[in-house]
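The values are calculated or read from the model by the stated rules, or taken from the named source; none is laboratory data. Quantities reported herein were computed from a predicted structural model and do not represent experimental measurements. All Cβ positions, glycine included, derive from the backbone under ideal geometry; neighbour counts span all protein chains shown. All accessible areas refer to the heavy atoms of the entire protein, side chains included, with ligands and DNA or RNA removed. Shrake-Rupley method; radii C 1.70, N 1.55, O 1.52, S 1.80 Å.
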Amino acid sequence: MPDAAGDADDHRDADDYRVVVGEESFDWRELTDAALPDALDTLATLLEPLADGRKAAFMNAAYDVECRPSVTLIDALYSADGGLPRDVRARLQTLLGKCKRLDPEEADLPQPVRVADGPWREPSWGTAHALARAAEGRAMSCLLAPYVEEPDWPSGWVTITRTTETGEDEVTAHVLRRPQDAPDFWRGLYTHAPEPLPAEHFFTLTADAFPRLLFAETLRLHHFKGSYAEVLPWLVKLLGALNDHFTRLLADCGGDQSQVMARFSALGLDISPESPNTRKNAKAWEQRNVDHAGGTHRCEWHGKRLWDRDRVHFSLPIPGHDNRILIGIFVDHLAT
């Protein structure tokens, strides 16, 4: 089974885009001249990791959106008289040029939608398209920049009620409004999709879902004792917590391992450094060494799914790799 970190092919193609840019993100009419540069920078920062030709799409109709008073997006991007600085225009042209462009279809016709008990809104073509794909069973995210007031939806996974020809239905989708919330979406592809992501595709999403982690090429999912379906929810939760919290907690706790363990315990996760006995066992200690990117790193901490099985061994933050953490070993149980 091709489940190694280093040899899994990226299965995504041009029709497997997961993020759709809502035209609302191009509406800068209410922004002051002083606020516009930050808004443009935020939009570009949101698009930067997504604009690779496969992850994100937007509607051709977006070019006709009035983004500034009496200025459409196409004029703002491609005309010197559009009111945008030249370097900003060039950056957005490049990023949008790398996204898939779509023409609206019948299923994308905007119909009133709402989140929870909020007001009914008529979404853009792009937002409606993202929801239509979500209704078909795809895990989708709609990019709505943070300065967008309508629809006033929070960032993250939300349940959206749609008006349909036969009444109403509910779909679960992700709303992306802040760059730091993007990993939560990619993690959701493991857990929010109707079917779990196949094991052979697990590592195709790790760079997006866990950007502060490194993954050894020798990792094998089948080295866990539990089945993939059993291990997956715990594994995604553990990797997400390590990505988001481990380095910061080490600093906040002054290196106090007990405090770090307690903080993870409060998250429902069991992690710990290797015991003194394991450190004294030269053969066992050697098993924690992992080669990665030309160096050898000791994975001296581990998280465990159950007390007697399924371990993820990981390193302390590595200065030479921007303080990223190496996920070095997936295993049932190492020698101690």
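For K304, the lysines whose Cα falls under 28 Å of its own Cα, not counting residues fewer than eight places away in the same chain, are K225, K237, K280, K283. When both bridge partners sit in the chain, DSSP labels roughly 70% of those beta bridges antiparallel.
If you find the alpha carbon centre of the stretch 218-240 and of the stretch 279-328, how far apart are they in angstrom? About 16 Å separates the Cα centre of the stretch 218-240 from the one of the stretch 279-328. The H on the amide N of R220, modeled in the peptide plane, is under 5 Å from the matching H of F330, each at least 5 residues off or on a different chain. Against the main long axis of the alpha-carbon atoms of the chain, helix 36-47 sits at an angle near 50°. Taking a Cβ cut-off of under 13 Å around L73, the surrounding Lys, Arg, Asp and Glu residues balance to a net charge of -2, with basic ones at +1 and acidic ones at -1. In this simple spin-label approximation, T336 and E136 carry label points 7 Å from Cα along the Cα→Cβ vector, and these lie 5.0 nm apart. Using Cβ point charges alone (K and R +1, D and E -1), the dipole size of the stretch 199-336 about the Cα centre works out to roughly 280 debye.
Only helices enter this figure: runs of n ≥ 4 DSSP H residues, each worth -39500 (n - 2.57), summed and divided by the residues of the chain, yield -8000 deg cm²/dmol at 222 nm to the nearest 500. Axis angle, to the nearest 10 degrees, between helix 257-266 and the longest C-alpha principal axis of the chain: 50 degrees.
When only C-alpha pairs under 8 Å and at least 6 residues apart count, what is the relative contact order of the chain, in percent? For the chain, the relative contact order is 16 percent. Less than 5 angstrom separates the built amide H of H292 from those of H297, all sequence-distant by 5 or more or on a different chain. Surface composition of the stretch 100-249: carbon plus sulfur atoms contribute 47% of the solvent-accessible area (1.4 Å probe, protein chains only, all chains present). Listed by chain and number, the lysines placed with their C-alpha closer than 22 angstrom to that of K98 are K55; residues fewer than eight positions away on the same chain are left out.
What the chain shows is 47 Å² of accessible area per residue, with the surface traced by a 1.4 Å probe over protein heavy atoms. Taking all protein chains together and rolling a 1.4 Å probe, H245 ends up with roughly 60 Å² accessible.
Quick check for you: which residues of the stretch 201-222 have the amide N under 15 Å from the point 7 Å beyond the Cα of D52 toward its beta carbon? Those under the cut-off are 201-215.
Distance between the pseudo-spin-label points of V158 and S227 (7 Å out from Cα toward the beta carbon): 3.6 nm.
The modelled label-to-label distance between D38 and K280, using points 7 Å beyond Cα along the C-beta direction, is 5.8 nm.
Using the Cβ-Cβ distance between R178 and T296 with R0 = 45 Å, the FRET efficiency computed as 1/(1 + (r/R0)^6) comes to roughly 0.75. Each Lys and Arg contributes +1 and each Asp and Glu -1, all at the Cβ; summed about the Cα centre of the chain, the dipole is approximately 1700 debye. Compared with the dominant Cα axis of the chain, that is its longest principal axis, helix 228-241 is turned about 80°. Surface listing: W157, W301, W307 arranged by accessible area from highest to lowest gives W307, W157, W301, probe 1.4 Å. Annotation for the stretch 42-144: GluC sites (Glu not before Pro) lying in DSSP loop with at most 15 further Cβ atoms inside 10 Å of their Cβ are E105, E136. Can you work out the FRET efficiency for the pair E217 and I74, with r the C-beta to C-beta distance and R0 = 41 Å, to the nearest 0.05? Computed FRET efficiency for E217 and I74 comes out at 0.35.
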